[in-house]
Each structure stands twice: as C-alpha cells, then as structure tokens.
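Notes to accompany the following structure.
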Amino acid sequence: MIPWLPPDPVFPPVTTALAEPNGLLAAGGDLSPGRLIAAYRLGIFPWYAAGEPMLWWSPDPRMVLFPTEFRISRSLRRTLHRGDYEVRLDTAFDAVVAACAGTPRDGQAGTWITPEMQAAYGRLHELGHAHCVAAWIDGKLAGGLYGVALGRVFYGESMFTRRTDASKIALAHLCEHLRRLEFGIIDCQMETAHLASLGARPIPRSEFTTLLRRFATADFDSPGRWRADAVADAFRIHR
C-alpha cells in the first residue's frame, strides 16, 4: 500500500518506494509548481496515464547521463560536422512537449504526457524552471526534448524525433550547454537500451540522492529562459 499525499507539497522518504513496481512511492497530490519543484529536488517525478490516480516515482537504480559522458557515434559526429540544422533553446516549448506527447512509444498504448501534464510543465517553463531544446531541419521542427532545471541538475522528461538523429542532435547540444553551465548530471529516470547507447548509465538511488544534495541545491538556482542561440557554436570542439 502506498501513501496518499497530503495537501502540502511533502513526500514520504524515497527509501519507502516499492521494489515492484520499481520506484512507486505515493499517489495523489497535484501538479502545482511548488509540488513539482519539491518532488524533483528529492529525485521524485510524476508518471501516470490518463484515468489513473496521480502517481509519484523514485526508481532504484536511477538512469543518469553525465554531460561529459554523452556518446557521439560516427554517424552523429558526421551530422554535427555538416551542421545542416539549427538548434534553438526555449523557443518552441509547447510545440516540443506536444510532439513528445504525440510520439508512439514501444509497449505503450498511449502517453503519460496528458493535457494536465502539458499545462503543468508549461507553467514551470513560464517560471523559468522548465526548458526545451529543439532541432530544426529545412525550416521544420525535426526533433527535441524538454525537462526541468533545478540547481545544476537537468531532469529530462521526454524527447521526440521526426528526422534521423534529430533528437540526438538536441541532446548533444544540451549536454554541451549544460557542461558550460557546470551542471553535474542529467536525470534520465528509467533505464532503457536507447539511453545506454548514448552514454547514460544506472546508478544506485542512494548515489543519485547524494548527487542531488550536491547539485540540486537552491543556492545554484538561476531560473529564467535560456538564450535561444546559446548553443550556436557548441560543437566547434567536435569539428
């Protein structure tokens, strides 16, 4: 039995999360900015389908990507070298989230990015805590990702691609942008083979929470829109 959250934005200890299903911690609550920010600082995130109660998770192990460990394949390196794309930060947040919501996922009949979730992360974006990275090819939105930045931790939520390597282009530029800002980790939440192929790896939840105490502190917070062209010259080092 998992606890039902009270009206205040407080959570049970992550060590009380279930082992099966892995990481299920609590139910109920809301998606207010205050609750979401409190959850992410503790390494907790909402994940549920339409028609289900609001569910909160803290899996063990936790999939993370250290920005300096992003793995660039030969084909992606060629794509980055050609540079026949444009990457923009925080200029199409609603479109990126909607595209992520509309992308079919293996083994999933629908999406967890419900209209309620889209509105909640839109509010975080307005407050300067949620960000997107979008890749444009031939003038069209080709791929991207979005997530939440608190302190020096980026909590990745979802990504999509409509052209070959477009989401990887966005992730590559995100890693370079975060490296410049001295971010410590990217939270990838759940382990997948795709994320592992890009350099992400699982770590024990205890290690993850230790990293959060180091990097997710409010002392490092700098909410606000990222400059749209902040990644314009991000890959000179790779060319």
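The values are calculated or read from the model by the stated rules, or taken from the named source; none is laboratory data. Since we're looking at a predicted model, the values are computed, not measured. Every residue, glycine among them, receives a Cβ derived from its backbone with ideal geometry; neighbour counts consider all protein chains shown. Ligands, DNA and RNA are excluded from the accessible area calculation, which covers all protein heavy atoms including side chains. Shrake-Rupley method; radii C 1.70, N 1.55, O 1.52, S 1.80 Å.
The figures follow:
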{"read-out": "Highest-MSF residue in the chain out of His194, His173, His125 [GNM, Cα springs under 10 Å]", "value": "His194"}
{"read-out": "Cβ crowding within 10 Å averaged over residues, with 215-226, 37-48, 54-65 ranked highest first", "value": "54-65, 37-48, 215-226"}
{"read-out": "Which of Arg152, Arg78, Arg201 is most accessible, then next, and so on - probe 1.4 Å", "value": "Arg78, Arg201, Arg152"}
{"read-out": "Reference-scaled alpha-carbon Rg (2.2 N^0.38 Å with N residues) for the range 1-110", "value": "1.37"}
{"read-out": "Dipole of the range 116-221, positive direction: furthest Cα of Cys175, Phe220, Gly199, with charges on the beta-carbon", "value": "Gly199"}
{"read-out": "Fraction of antiparallel bridges per DSSP, the chain only, in percent to nearest 5", "value": "90 percent"}
{"read-out": "Gyration tensor verdict on the range 89-158 (Cα atoms; rounded if a/c is under 1.5, prolate if a/b is larger than b/c, oblate otherwise)", "value": "oblate"}
{"read-out": "The range 1-40, accessible area per residue, ligands and nucleic acids excluded (1.4 Å, Å²)", "value": "51 Å²"}
{"read-out": "More than 20 Å apart - percent of Cα-Cα pairs taken over the range 144-230", "value": "35 percent"}
{"read-out": "For the range 79-171: accessible area per residue (Å², 1.4 Å)", "value": "40 Å²"}
{"read-out": "Sulfur and carbon atoms: percent of accessible area, the range 56-170 [1.4 Å]", "value": "48 percent"}
{"read-out": "Vicinal HN-Hα couplings computed from phi for the range 63-69 (Karplus, 6.51 cos²θ - 1.76 cosθ + 1.60; Hz; Gly/Pro x)", "value": "7, 9, 10, 7, x, 7, 9"}
